[in-house]
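The values are calculated or read from the model by the stated rules, or taken from the named source; none is laboratory data. Not measured: the values here are computed from a predicted model. Neighbour counts run over all protein chains shown; Cβ positions are idealised from the backbone, glycine included. Heads up: the accessible areas ignore ligands, DNA and RNA and are worked out on the full protein's heavy atoms, side chains in. Shrake-Rupley method; radii C 1.70, N 1.55, O 1.52, S 1.80 Å.
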Amino acid sequence: MKKILLAAAIAVFSIFGVFAETPLECFYYELCSQKVLDRLGLKGDFLYVSVKNGDEYPRVIEYPKEIEGFPVVAIELPYDLMNGRRMVEKISIPETVQLIDRDYSDFQASIRENLVKLIEYTGETSKPLYFVDGTNNAGEAIFVGSMPQKGRKIYCKGVYVRDVGNSFVFTKNFVFDKAHNNGDFNNENPYFNSPDVEELIFEEGITEMWNCGTPNKWSKYNEKLVKVVIPSSVKKIKMYAFTDCANLKEVVFPAGAKYTYETAVGAYEHGESWAFAGCSSLGLKTKVAIKETGYPSF
């Protein structure tokens, strides 16, 4: 009987031990740079925290709220999970964090390969949240299984979501962060990527359409997107708004809506809009309705 109880205790410890608080020894931490403080509008001493690169990351990474009495306001997400195919069950980000930094390509690849199961935001806050890409420029906001606290302004250059539901609402709280790109954007079009969102809704009041298309045929995203809802506040449709969204069937916009369709002139563009190019699942009536909004042709 004692052996059975001992075995049960070990099993319970093993289950809950995985989700124990991450030891402080797993982190590097330093005072925030002046650039970070300026971006966040802070004065004083605050911390930037990253995860140590050891033989194996913890399966659960819980960033601390403070260290030695100093608030943690900026973090770097783990960047080399792809090396050795390391799996992280959960990344927990406290409400004190206002800036999320990461190596653009490596962490992006880790997310696409499902090496991170959940990114959660704890506590309550309405402070803005900035995503940067390792060079202090605006970066891609990544949400996996959870969204930030409601009411937060989210500053980024693009959005990737996974496992947050079949329907996603783009609110006015998403801000295309042109102010922090130092002129480095080749394409000043905000974008949205998701492997599982089927319905994309843009909130009334949004004036700038985000690109959901895939102008590079080797970069297939939004393959499950079947419906898009565009509000009356949108006046301009981006050049690659829904390019190659092959399963897109329904586009909802106000009656009588007229849009300016962005075009580009270059070696292969010829002044055309590609907003609905490659949307092979659109029915004839939907195509006619889209043409009536000012779309040049299919």
Unit charges on C-beta of K, R, D, E only; dipole of the stretch 102-176, Debye: 340 debye
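Based on the Cβ-Cβ distance of M82 and A255, what FRET efficiency does E = 1/(1 + (r/R0)^6) give at R0 = 45 Å, to the nearest 0.05?
Working: r = 48 Å, r/R0 = 1.07.
Working from the Cβ atoms, E equals 0.40.
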Separation between Cα centres of the stretch 127-167 and the stretch 188-208, rounded to whole Å: 13 Å
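Which order do peptides 223-229, 21-27, 167-173 fall in by mean Cβ count within 10 Å, highest first?
Details: 223-229: 17.9, 21-27: 12.7, 167-173: 15.4.
Packing order, densest peptide first, comes out as 223-229, 167-173, 21-27.
Rank these residues by their accessible area, most exposed first, probe 1.4 Å: Y48, Y63.
Working: Y48 40, Y63 15 Å².
Largest to smallest exposure gives the sequence Y48, Y63.
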R85 - accessible surface, heavy atoms, 1.4 Å probe, Å² rounded to 10: 130 Å²
Under 5 Å, built H, 5+ apart or other chain: amide partners of V97: none
Hits among lysines - C-alpha to C-alpha of K127 under 26 Å, sequence gap 8 or more where chains match: K35, K43, K65, K90, K117, K150, K153, K157, K172, K178
Placed amide H near E272: partners under 5 Å, 5+ positions off or other chain: A264
Distance in nm between pseudo-label sites at N247 and L284 (7 Å out along the Cβ direction from Cα): 2.6 nm
Computed E for E124/D163 - FRET, C-beta separation, R0 22 angstrom, nearest 0.05: 0.45
Ordering of 137-143, 279-285 by packing [mean C-beta count within 10 Å, highest first]: 137-143, 279-285
Mean Cβ count within 10 Å, highest first, over the residues of peptides 121-131, 249-259: 121-131, 249-259
